[in-house]
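What follows is a single structure, written as structure tokens, with notes after it.
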Amino acid sequence: GELYVSDLGRACIAVFDASGAYMRSLGENRSRICGENDIIQPAGLAFTPEGHLVVADRWCDRVQVVREDGSYVRDFLSYGTGEGESGPLGEGTFARPTDVAVSS
């Protein structure tokens with residue numbers, strides 16, 4: 001299998017093979033703009049049973065779901081009043097998420 005590592009300093013997720021050799025990076029968004037498929041401060045990582053990678057992105061105040069190649073699936077926007085909105089922290093939102101877990 002592959003090893004996925006959150007790299008806050010490089011603003012990406014580094015992917016290594018089973019022997020520890022670097023393979024690729026997902027993200028590396030230095031613009032600090034939170035658009036679709038932008039990973040800026042990845043913290044916690046988890047895989048779904050379907051093989052999608054779930055990423056807690058602290059900078060963007062959201063949890064994003066991507067495929068193993070980094071392509072966008074969906075995200076859970078947060079720190080807002082509704083999808084895509086900014087606003088006060090409310091029920092069902094989060095600020096600076098640092099970890100995720102996926103149940104089977």
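Figures for the structure shown
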read-out: Residue in region 62-77 that is most open to solvent (accessible area, probe 1.4 Å), counting only those that are assigned to a strand (DSSP E or B) and not aromatic (Phe, Trp, Tyr); value: 74
read-out: Unmet requirement for residue 11, which otherwise passes all of (1) farther than 16 Å from residue 65 by Cβ; (2) free of Cβ contacts under 8 Å to residues at least 24 places away in the same chain; (3) not acidic (Asp, Glu); value: (2)
read-out: Residue list for region 34-59, filter: under 19 Å from residue 96 (Cβ atoms) and assigned to a loop (DSSP other than H, G, I, E, B); value: 34, 35, 38, 39, 40, 41, 58, 59
read-out: Residue among 31, 25, 19 that is modelled with pLDDT of 95 or more, among the small types (Gly, Ala, Ser) and either assigned to a strand (DSSP E or B) or exposed (fewer than 10 other Cβ atoms within 10 Å of the Cβ) (or both); value: 19
read-out: Selection count, region 38-61, where residues are open to solvent by 50 Å² or more (accessible area, probe 1.4 Å) and within 9 Å of the chain's Cα centre (by Cα); value: 1
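The values are calculated or read from the model by the stated rules, or taken from the named source; none is laboratory data. Treat the numbers as computed from the prediction; the structure is a model and nothing was measured. Heads up, the Cβs are rebuilt from the backbone with ideal geometry, glycines too, and the neighbour counts pull from every protein chain shown. Side chains are part of the model used for accessible areas, which takes the heavy atoms of the whole protein and leaves out ligands, DNA and RNA. Shrake-Rupley method; radii C 1.70, N 1.55, O 1.52, S 1.80 Å.
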